[in-house]
Amino acid sequence: MNARHPKAKPIPAHRDVTVLSEEVVWDGRFPVQRIRFRKRRFDGGEGGVQTWELLRRGAAVAVLPWDPWSDRVALIEQFRLPALAAGLPPVMVECPAGLLEDGEDPVEAVRRELHEETGLEPDRVVPLGRYILTQGGCDETISLFLARVRLPETGVVGHHGLEHEHEDIRLSVLPVDEALAMLDDNRICNATGALCLSAFARRRAAMLKDWTA
């Protein structure tokens, strides 16, 4: 008997949900489970049997590197096949991000991803929130962070990524106002980048004084 995929965990117990059956129907890097269940309705009645396929990706982190002394941020660009499949530009403007290893502390994951994808080393890291990305079919959650860094003067600062994973990541440094303008006119059209910049924009004014002291 094959061992259960570590990401294909049982559905947590919930008073309003009755799981009738579950099976792993794809056992790749990210498994897919087929779940049959009933859910209690909002009016108190028992709902019908539903069958959902659930992609299990687990927990991830994303981080916006900010240099408050120059009020600039660092963003990355990389090719995304799912974006191409969705009819979007396949080279996405993003924030550095990655999946957590089992038992890994999110802040340590932020530092690891920043080093791998940008070469930057933060001296302060603060949380911006935690969200589920595709609640209709995937369990992946993203914890967002803001990191204080010293950014180089040049706008494009080389290529990064892990060679053994064939990563091809371009790092750019730009003024905060320019990054927020890209968000407003939808040039940043991925959820993690948009969420990071939106959360940062609400905190920026209050943090400028504290983070430049």
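The values are calculated or read from the model by the stated rules, or taken from the named source; none is laboratory data. In this text the structure is predicted, and so the values were computed from the model without any measurement. Please note: Cβ atoms are built from the backbone with ideal geometry, for glycine as well, and neighbour counts cover all protein chains shown. When the accessible area is computed, the model is the full protein with side chains, heavy atoms only, and any ligands, DNA or RNA have been set aside. Shrake-Rupley method; radii C 1.70, N 1.55, O 1.52, S 1.80 Å.
The set of residues from the range 178-190 being open to solvent by 50 Å² or more (accessible area, probe 1.4 Å) and touching a residue at least 60 places away in the same chain (Cβ under 8 Å) comprises just one member, R187. The listed residues are E101, E46, E23, and the only one of them that is in the same structural domain as R187 (by the TED database), free of Cβ contacts under 8 Å to residues at least 12 places away in the same chain and open to solvent by 90 Å² or more (accessible area, probe 1.4 Å) turns out to be E101. Of the residues contained in the range 75-88, one or more are found to be in contact (Cβ under 8 Å) with a residue 24 or more places away in the chain, surrounded by 17 or more Cβ atoms within 10 Å (Cβ to Cβ), in contact with a strand residue (DSSP E or B) (Cβ under 7 Å, 6 or more places away or on another chain) and aliphatic (A, V, I, L, M). With respect to K9, is the statement that it is surrounded by 11 or more Cβ atoms within 10 Å (Cβ to Cβ), more than 21 Å from D102 (Cβ to Cβ) and either out of contact with any helix residue (DSSP H, G or I) (no Cβ under 9 Å at 6 or more places or on another chain) or in the same structural domain as G98 (by the TED database) (or both) true? Judged against the criteria, K9 is not a match.
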